[in-house]
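Colleague: Handing you this structure, nothing more for now.
The values are calculated or read from the model by the stated rules, or taken from the named source; none is laboratory data. Predicted, not measured: the structure shown is a model, and the values here were computed from it. Methodologically, a virtual Cβ is constructed for each residue, glycine included, from the backbone with ideal geometry; neighbour enumeration extends over all protein chains shown. Keep in mind that these areas ignore ligands, DNA and RNA; they rest on the heavy atoms of the full protein, side chains included. Shrake-Rupley method; radii C 1.70, N 1.55, O 1.52, S 1.80 Å.
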Amino acid sequence: MKYSMAWLSYRRLPFCEGKEYFRKIYVQEENEITGSAVYELCRGAKELLGIKTVVIKLPETFDQDKREKTEEGIYLLPDSKGPVGGGYRIVEENGRIRITAAEPEGLLYGSFDLIRQVQRGVSLRGINRLKLPDNPLRMLNHWDNMDGSIERGYSGNSFFFRNDRVLVEERTEDYARLTASVGINGVVINNVNVTEKATRLITGEYADSLKRMGEIFSKYGIRLYLSLNFAAPMELGGLETADPEAEEVRAWWQEQMKETFRNIPSLGGFLVKADSEGRPGPLTYGRTQAQGANMLAEAVRPYGGIIIWRCFVYNCTQDWRDRKTDRARSAYDYFMPLDGKFEENVILQIKNGPMDFQVREPVSSLFGSLKNTNQMLEVQIAQEYTGQQRHVCYLIPQFKEILGFHTHCREEEDTVADIVSGRSFSHKNCGMAAVANTGSDSNWTGHDLAAANWFGFGRLAFDTSLSAEEIAREWCECTFGTDKAVVYAICKILLMSWPAYEKYTSPLGIGWMLSPNNHYGPNVDGYEYDRWGTYHRADHLGIGVERGKTGTGFTQTYLEPNASLYEEIETCPEELLLFFHYMPYTYRLKSGKTLIQHIYDSHFEGVEDVEKMVNLWEGLKGKIPDEVFKRVKLRMDHQLDNSAEWRDQINSYFYRKSFIMDEKGRKIY
Ligand code: GCV
């Protein structure tokens, strides 16, 4: 089945102020990336405006400052003094649009930006935009397996792998177009859990297809990355150890990397999940995470490669009776003592929260604490814990909060956005990554509205100053057009969706009350007596994990004043109260409501919000393509049922534990 092109599905526009510019495109420097920029502008012109473009090559001697002599049109001009790192400037003057940039990537991003303005009905006359990417690395991490399945994938199968083969198809290029159009410049194509055949991706066996894939990506300014298996020297090389300090292991990696980079010259490097959830790593040999990462860094350095080392290291065989071990502390305890001990081409990739992509968590305390180590923020747009792309859950507002969090690591420029952009500590290797939400479904993301998270992540990683509202609007106008009623309703649904999901699922930062393994639907005690370190500790008097000084002490891993803020019940942000403290059901929140009443109210409210979202969607019948309308309607009807299930299970559970009635006398079972 042919797939849609999501926000690049161009519809013919009845009117565009400035469409004449698209009749001629002048290009000065021809290379594969400017080639893509020209292709995109021509395609946009044809499909959006019905214009056939003439492409004109400018001589190398062309002096862009003498522009009064030039003809009308769009000029793609390299400018060594212009915006760097993928940045660009778009300026319209006297009938000419000049897109200038120091690098070809900037010209590509500028071209996509110009097309977005056309799609959104913005007049091109007098346009003047200067954009510089905030984050050097803007990556997608796919958890795709070589058999074609996707770990935590909710939109079909992989389009990178099938039956242990690497796929290089038309869709590879269309994926690259979509991904580059929002500024993403790095893609890890295989699951971080690297087993069996995937271990062999670094060998010659898959070299041809990976090389071709890398070339397609390169045309769009995207670097190809792979996840690797730390035990490869044993599994592939027949060595008896994978000890990073063993000479034969180091030599094995160096030889292997020589071959791998020779086979796939465009490769950017590797993502590594080590010592986590059963994956091998340096701890087995009594070595640190730094020793493991640095050994690989040394092997990839001659080829300009980088090692992105994940901090998701914790004990997943915990005894639920043990109240001192705290999964939330784990990454901090492993990595903080190693600050400054990683090679320059190592980046630590840190999940946004200390647990695992819950609807609400505090920001990881590693941010701000680590000062001498390259860092990347990892978020998840695959909605593993937020409705699995069956519920609408627009996550950009969550990412905005994370990026805006003040760590107090410095007087100024102390937010997570400052740190991962490199502003705080002058790091160069840093940025943002998202666990991807795409698959082989015809709309790429299963839920049509989930594409807003893919688009939104890219746009936000490029420009962290954009608001969640602006991004929602952009996505909506590019995808569905500029009809005011449509844009209003869809943006409203998107912006209501994360708060609604939080209201009808787990309260006040506690998280985890969902079905074990598949992580879908309510199951309050599903993880309570299990080994994963994810407990709510509810009893007949109260609920919450005590992470203050008298508990696990996790509050003290934050820098002041955050440590005290979280320690004190009076100042602890209420949306995180149960994450940090065990609280009685009778405790009065700032609203004047008791904790238990808040739980009841928010669960009723959350479902009412979903009812409003469904009504808003129903109002769009006839205004958007019928196929999309029906597909989303089906999912939203399911979301309504499932949110009611959440409400009723959670409320009944706490009523039965606490014996405290709902003040409003509503139906609780
Ligand atoms: C890829 C969670 C998920 C796992 C995932 C892991 C990780 O535990 O449930 O499926 O594994 O995170 O981020 O490595």
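Colleague: Take the alpha-carbon centre of segment 594-667, take the same for segment 132-194, and report the distance between them in whole Å.
Modeller: First find each Cα centre; the distance between them is then 33 Å.
Colleague: Given all pairs of different Cα atoms, what value in angstroms does the Kirkwood hydrodynamic radius of segment 144-278 take?
Modeller: 15.5
Colleague: Taking H as built 1.01 Å from N, whose amide H comes closer than 5 Å to the amide H of Glu93, not counting residues under 5 places away?
Modeller: Arg98
Colleague: Here's something else I'd like to know. Give the average over all directions of the projected area of the C-alpha convex hull of segment 1-92, one decimal, in nm².
Modeller: 7.8
Colleague: While we're here: Karplus couplings for segment 426-439 from phi (6.51 cos²θ - 1.76 cosθ + 1.60, θ = phi - 60°), rounded to Hz, Gly and Pro as x?
Modeller: Result, rounded to whole Hz: 6, 7, 9, 8, 6, x, 9, 10, 10, 6, 6, 10, 9, x.
Colleague: Under 20 Å from the Cα of Lys24, which lysines turn up, not counting those fewer than eight places away in the same chain?
Modeller: Candidates past the 8-residue exclusion: Lys46, Lys52, Lys57, Lys66, Lys69.
Colleague: What is the Å³ per residue value for the convex hull set by the Cα atoms of segment 326-460?
Modeller: Once divided by residue count, the hull of segment 326-460 is 111 Å³.
Colleague: Separate question: May I ask you to derive the FRET efficiency for Glu277 and Ala485 from their Cβ-Cβ distance with R0 = 51 Å, giving the value to the nearest 0.05?
Modeller: Efficiency, rounded to the nearest 0.05: 0.65.
Colleague: From a point 7 Å beyond the Cα of Glu255 in the direction of its Cβ, which residues of segment 188-207 have a backbone N at a distance under 18 Å?
Modeller: 200-205
Colleague: Now a separate question. With θ set to phi - 60°, apply the Karplus curve 6.51 cos²θ - 1.76 cosθ + 1.60 along segment 124-133 and write out the HN-Hα couplings as whole Hz, x wherever there is a Gly or Pro.
Modeller: Computed from phi, the couplings for segment 124-133 are 8, 5, x, 4, 8, 10, 10, 10, 10, x Hz.
Colleague: By how many nm would the segment from Ser80 to Thr61 lengthen if fully extended, with 0.36 nm per residue of separation less the alpha-carbon distance?
Modeller: Full extension of this stretch gives 5.4 nm more.
Colleague: Return the calculated 222 nm mean residue ellipticity for the chain, to the nearest 500 deg cm²/dmol, obtained by summing -39500 (n - 2.57) across DSSP H runs with n ≥ 4 and dividing by the residue count.
Modeller: That comes out to -11000 deg cm²/dmol.
Colleague: May I pose another question? Quick one: divide the alpha-carbon radius of gyration of segment 429-552 by 2.2 N^0.38 Å and tell me what you get.
Modeller: Relative to the rule-of-thumb radius for its length, segment 429-552 sits at 1.37.
Colleague: Tell me, what is the 1.4 Å probe accessible area of Tyr582, in Å² to the nearest 10?
Modeller: Roughly 70 Å² of Tyr582 is accessible to a 1.4 Å probe.
Colleague: Still on this structure, please answer the following. Report, ordered by chain and residue number, the lysines lying within cross-link reach of Lys664, taken as a straight Cα distance under 17 Å and ignoring same-chain residues fewer than 8 apart.
Modeller: Lys593
Colleague: Between Asp463 and Asp530, what length in nm is gained on full extension when 0.36 nm per residue of separation is reduced by their alpha carbon distance?
Modeller: Roughly 20.1 nm would be gained on extension.
Colleague: With θ set to phi - 60°, apply the Karplus curve 6.51 cos²θ - 1.76 cosθ + 1.60 along segment 471-483 and write out the HN-Hα couplings as whole Hz, x wherever there is a Gly or Pro.
Modeller: 5, 4, 5, 4, 4, 5, 5, 5, 7, 10, x, 9, 3
Colleague: Principal axis extents for segment 25-184, Cα atoms only, whole Å, descending order, please.
Modeller: Dimensions of segment 25-184 along the principal axes of its Cα atoms: 58, 34, 29 Å.
Colleague: Over the chain, what per residue volume does the convex hull of the Cα atoms give, in whole Å³?
Modeller: So the per-residue hull volume is 155 Å³.
Colleague: Applying 1/(1 + (r/R0)^6) with R0 = 41 Å to the Cβ-Cβ distance of Thr284 and Glu215, what FRET efficiency is obtained, to the nearest 0.05?
Modeller: Once the sixth-power term is evaluated, E becomes 0.65.
Colleague: Using just the C-alpha positions of segment 566-661 as equal point scatterers, what log10 of I(q)/I(0) does the Debye formula give at each q in 0.25 1/Å?
Modeller: Each listed q corresponds, in turn, to -1.23.
Colleague: Same structure again: For segment 491-609, state the average projected area of the convex hull of the C-alpha atoms over all orientations, rounded to one decimal in nm².
Modeller: 8.7
Colleague: Right, here's the next one. What residues qualify as long-range amide H neighbours of Tyr26, i.e. H under 5 Å apart, gap of 5 or more or another chain, H built at 1.01 Å from N?
Modeller: Here the answer is Ile56, Ile74, Tyr75, Leu76, since their amide H atoms fall under 5 Å of that of Tyr26.
Colleague: How big is the Kirkwood radius of segment 46-138, worked out from every pair of different alpha carbons and given in Å to one decimal?
Modeller: About 14.0 Å, per the Kirkwood formula over Cα pairs.
Colleague: Distance check, please: which entries in Lys2/Lys131; Lys351/Lys371; Lys2/Lys630; Lys19/Lys81; Lys503/Lys657 exceed 24 angstrom between their Cα atoms?
Modeller: Lys2/Lys131; Lys19/Lys81
Colleague: Where does the charge balance sit around Lys2 when Lys and Arg score +1, Asp and Glu -1, over other residues with C-beta under 11 Å from its C-beta?
Modeller: Summing Lys and Arg as +1 and Asp and Glu as -1 gives -1.
Colleague: Moving on to the next point. Report the Rg/Rh value for segment 223-357, based on alpha-carbon coordinates and the Kirkwood definition of Rh.
Modeller: For segment 223-357, the value is 0.99.
Colleague: While we're looking at this one, here's another question. Cβ under 14 Å from Ser365's Cβ, Ser365 left aside: what net charge do those residues give with Lys, Arg +1 and Asp, Glu -1?
Modeller: Residues close to Ser365 contribute a combined charge of -2.
Colleague: Please report how far the C-alpha centroid of segment 102-122 lies from that of segment 485-512, rounded to the nearest whole angstrom.
Modeller: Computed from Cα coordinates, the inter-centre distance equals 31 Å.
Colleague: For the chain, with all protein chains present and a 1.4 Å probe, just round the carbon and sulfur fraction of the accessible area to a whole percent.
Modeller: 49
Colleague: Just the accessible area per residue of segment 308-442, please: how many Å² with a 1.4 Å probe?
Modeller: Heavy-atom accessible area per residue stands at 30 Å².
Colleague: For segment 323-367, compute Rg over Rh where Rg is the Cα radius of gyration and Rh is the Kirkwood radius from the inverse mean 1/r over Cα pairs.
Modeller: Computed over Cα atoms, the ratio is 1.01.
Colleague: Now, a different point. If the viscosity is 1.002 mPa s and the temperature 20 °C, what Stokes-Einstein diffusion coefficient in µm²/s follows for segment 441-482 when Rh is the Kirkwood radius over Cα pairs?
Modeller: My calculation gives 202 µm²/s for D.
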